[in-house]
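Take a look at the structure below.
The values are calculated or read from the model by the stated rules, or taken from the named source; none is laboratory data. Not measured: the values here are computed from a predicted model. Here the Cβ positions follow ideal geometry from the backbone for every residue, glycine too, while neighbour counts run over all protein chains shown.
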Amino acid sequence: MTEERLRIARDLHDVIGHQVAMLSLHLGAAEVGLPEDAESSRQALVSARSSARTVVVETQRILALLRLEGATSGDEALRPTPSLSGLEGLIASFESIGLDVQPSIDIPAGFVEPSVGVTVYRVVQEALTNAYRHGEGTATVEVRERDGRICVTVENRVGPSPRGSHAGSGLGLVGMRERVESSSGRLTIDSDDGRFRVHAEFSPLGAVV
């Protein structure tokens, strides 16, 4: 198991680390080459470079955990860093690249166990990524307590074609479902009348809901 983790760590460093570094360099070059009146494009490139730096930081954190001998899934060190308190910043990052997000977040302070907060954050992150790539430019995010449970709903209208050159592999939604189920939550994904909707429910303690 240790050897396999070290092999994965090496692959992450050699492949993802290199590619993200090259991506950041190209983005920087593109930003320098923009004309002075291309402010919106410049801001998009700045946001992209910021995202690339975030990938580098997160990859380094994962590499450190993979190389941490004797670490288990229950170790505090293995807990991802995002939380409910980061949702505002997450939404702002999507708004900075052109997605109009209408949030409604109402969770009592200290109500959610940290590991569940991480899952809520990742669900919103993946759902907004899909909304940006496949939607019409708007999305609604609702995170609130209802009958003692945490309910997360992200909805957007479906656009004519995905942004970018690829439609996506669908692995993000698979990972979302796996993450929700690992927190003993329930996830429903449906598309009806031109709208795409992601809805997840959790116990604030991560117990079966």
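Here the condition is being modelled with pLDDT under 80, part of a helix (DSSP H, G or I) and surrounded by fewer than 15 Cβ atoms within 10 Å (Cβ to Cβ); of Thr72, Thr54, it holds for Thr54 alone. Filtering region 75-89 to residues that are modelled with pLDDT of 70 or more and assigned to a helix (DSSP H, G or I) leaves Leu84, Ser85, Gly86, Leu87, Glu88, Gly89. Screening region 1-41 for residues that are within 21 Å of Ile97 (Cα to Cα) and surrounded by fewer than 11 Cβ atoms within 10 Å (Cβ to Cβ) and picking the one that is modelled with the highest pLDDT gives Pro35. For Ala44, the conditions (1) surrounded by fewer than 14 Cβ atoms within 10 Å (Cβ to Cβ); (2) out of contact with any helix residue (DSSP H, G or I) (no Cβ under 9 Å at 6 or more places or on another chain); (3) in a helix (DSSP H, G or I) all hold with the exception of (1). Scanning region 93-114 for residues that are in contact with a helix residue (DSSP H, G or I) (Cβ under 7 Å, 6 or more places away or on another chain), over 18 Å from Ser47 (Cβ atoms) and not in a strand (DSSP E or B) yields Ile107, Val112.
Scanning region 115-142 for residues that are farther than 23 Å from Ser47 by Cα and surrounded by fewer than 20 Cβ atoms within 10 Å (Cβ to Cβ) turns up Ser115, Glu142.
Quick grid of which residues meet (1) more than 23 Å from Ser85 (Cα to Cα); (2) assigned to a loop (DSSP other than H, G, I, E, B); (3) of a type in the set (Gly, Ala, Ser); (4) modelled with pLDDT of 90 or more:
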position: Val116; (1), (2), (3), (4): no, no, no, no
position: Arg122; (1), (2), (3), (4): no, no, no, no
position: Val143; (1), (2), (3), (4): no, no, no, yes
position: Cys151; (1), (2), (3), (4): no, no, no, yes
position: Pro160; (1), (2), (3), (4): yes, yes, no, no
position: Gly164; (1), (2), (3), (4): yes, yes, yes, no
position: Gly168; (1), (2), (3), (4): yes, yes, yes, no
position: Arg177; (1), (2), (3), (4): no, no, no, no
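Of (1) loosely packed, with under 15 Cβ neighbours inside 10 Å; (2) assigned to a helix (DSSP H, G or I), Leu63 satisfies all except one. Which? Only one criterion in (1) loosely packed, with under 15 Cβ neighbours inside 10 Å; (2) assigned to a helix (DSSP H, G or I) is unmet by Leu63, namely (1).
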